[in-house]
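No lab work stands behind these numbers, since they all come straight from the coordinates. All values derive from a computational prediction rather than experimental measurement. Here the Cβ positions follow ideal geometry from the backbone for every residue, glycine too, while neighbour counts run over all protein chains shown.
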Amino acid sequence: MIKKVNWSRVGIISFTIVFLITAVTFEIFELASLPGQFFGTLLGVVITAIITVLLLQGQTKSEETRERHIMVFEKKQEVYFEFLNKLNTILQKDSLALHLTKDKVRENEVHNLHDLLFEFGYLQMHTSAETFEKILDYVGNLMQESKMVKSIDENAIRDLEKYYSVLTTDFFAIVSLLKYELYKESSSNMSKEKIDRIIKLSF
């Protein structure tokens, strides 16, 4: 079986030999120093290749870390927004069932205590221990006030104003904590007077 000749390889080798012979003939390189120059050049190529590989590895690792941080940030953002949305649903329910019921029609609907505890689980996974503990306190306050306001008369304006005042304070405190977790940036102080004015004007 006749092997196919690789003419490009033959050409490169031939050109290299011709170049070396020409360089020695015209005394561009001295024959005695040629091996030293050859190995010096080869060593330079090897060192350059090693440095290039190390730089590429560092760049790849840096890009992977950056992509991971972006993915974590986006997931945190999603979980936080979802938690605030679900908290709104929880506070508006007449009561929170203690177990699964047949009338639950959507998988993502906060319907019972089981769902609420899982929401806390998702939140804990994406927040610091200190932030999570504070959020639990605020949610506890909100649920207590929500339960109380559902049992009072609609005409008890003072009690309703108190509920919305607590809702505003604690809800925005939760928002502030989650904002810091996301952006490492504290929220500016909320004007309590302005919020209270809005609440009173709503009655």
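Could you go through segment 128-138 in sequence order and give the Karplus-derived ³J(HN,Hα) for each residue, using 6.51 cos²θ - 1.76 cosθ + 1.60 with θ = phi - 60°, rounded to whole Hz, and x for Gly and Pro?
The phi angles translate into 6, 4, 5, 4, 4, 4, 5, 4, 4, 4, 5 Hz.
Just order 115-121, 40-46 by mean Cβ neighbour count inside 10 Å, highest at the front, would you?
Result, highest mean first: 115-121, 40-46.
Show me, for segment 65-70, the HN-Hα J-couplings you get by feeding each phi into the Karplus relation (A = 6.51, B = -1.76, C = 1.60, θ = phi - 60°), rounded to Hz, glycine and proline as x.
With the stated coefficients, segment 65-70 comes to 4, 4, 4, 5, 4, 5 Hz.
Using a Förster distance of 35 Å, how high is the FRET efficiency between residue 65 and residue 89, based on the Cβ-Cβ distance and rounded to 0.05?
Efficiency at R0 = 35 Å is approximately 0.45.
With the Cα gyration tensor of segment 115-172 in hand, convert its eigenvalues to equivalent ellipsoid semi-axes via √(5λ) and list them largest first in whole Å.
Each semi-axis is √(5λ); the values are 27, 12, 7 Å.
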